Amino acid sequence: MSSELLRTRVSQEFEKSLRQMMASQEFARGVPIFRQETPASGLYLIEKGSARVLLTIDEGHNQLLEVAGPGTLLGLSECVAGGHYRVTAEAVEQTTAAFVEREAFVNFLGGRDEYCMQVVHLLSDNLHALYHKFRSVSAHPGRPRRRPLGDQLS
C-alpha cells in the first residue's frame with residue numbers, strides 16, 4: 001500500500017535542516033510510535049521500515065488509513081496545531097523513525113517562510129487526500145472504491 005494519504009515529504013534542504021534536531025528511535029513490529037488521543041509531543045520521520053496509520057472508530061476497533069514508508073512525516077498537523085494525536089501510528093516491521101519535539105519544530109519554523117510554505121502545502125495535500133479517501137469510502141460503504149488505473153500508477 002502506498003502512502004498516498006500521507007504525502008508529507010519535505011524538500012531535501014528542509015529535511016537536512018530538520019535532521020539536525022532529530023534523534024532516531026527504533027520501534028519493533030507492532031509497537032506504537034504514538035497513540036491517538038495522547039498529547040502531541042512532536043513529529044516523526046520514518047527512516048526505515050513502515051508504520052500503519054490507524055484511526056480508532058470504536059472501543060478496540062481500528063480503521064487502517066494508510067501505511068507510511070520511509071521519508072514520510074507523521075504527526076505533522078498535530079505538531080503544528082498542538083493538542084493530541086488524531087491517529088495511532090504503529091510499526092509494521094522493525095522501524096526506525098527520527099523524532100523532533102514539537103516546541104523545537106515550531107521554533108525552527110519561525111522566520112523560515114520557505115519551510116512554512118512547504119508545511120502549508122503538505123497539510124493541504126493531506127487534507128485533499130483525506131477528502132478523496134473518505135468520499136470514496138462513503139460512496140461504497142463496506143468496501144473501498146478502486147481508483148482509476150492512471151491514479152494507481154502515480
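Only the coordinates and a few stated rules stand behind these numbers; no lab work does. Every value quoted in this text rests on a predicted model; they were computed, and no experiment measured them. Quick reminder, even Gly has a Cβ in these numbers, built from the backbone with ideal geometry, and neighbours come from all protein chains shown.
Listed values, structure above:
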| item | result |
| --- | --- |
| Built amide H within the under 5 Å cut-off of LEU43, gap 5+ | VAL100, ARG102 |
| J(HN,Hα) series, the stretch 122-131, from Karplus relation 6.51 cos²θ - 1.76 cosθ + 1.60, nearest Hz, glycine and proline x | 5, 5, 5, 4, 4, 4, 5, 5, 4, 4 |
| Long-range amide H partners of VAL92 with built H, under 5 Å | GLY30, SER50, ALA51, ARG52 |
| Simple Cβ-charge dipole of the stretch 1-96, Lys/Arg +1 and Asp/Glu -1, about Cα centre, in debye nearest 20 | 240 debye |
| Loop sites in the stretch 32-89: trypsin sites (Lys or Arg not before Pro), DSSP, at most 16 other Cβ within 10 Å | ARG35, ARG86 |
| Integer Hz, Karplus 6.51/-1.76/1.60 couplings in order for the stretch 93-99, x for Gly and Pro | 8, 4, 10, 10, 9, 8, 10 |
| Footprinting exposure proxy for VAL92, VAL100 (fewest neighbouring C-beta atoms within 10 Å first) | VAL92, VAL100 |
| Interchain or long-range residues, amide H under 5 Å from THR72's placed H | ILE46 |
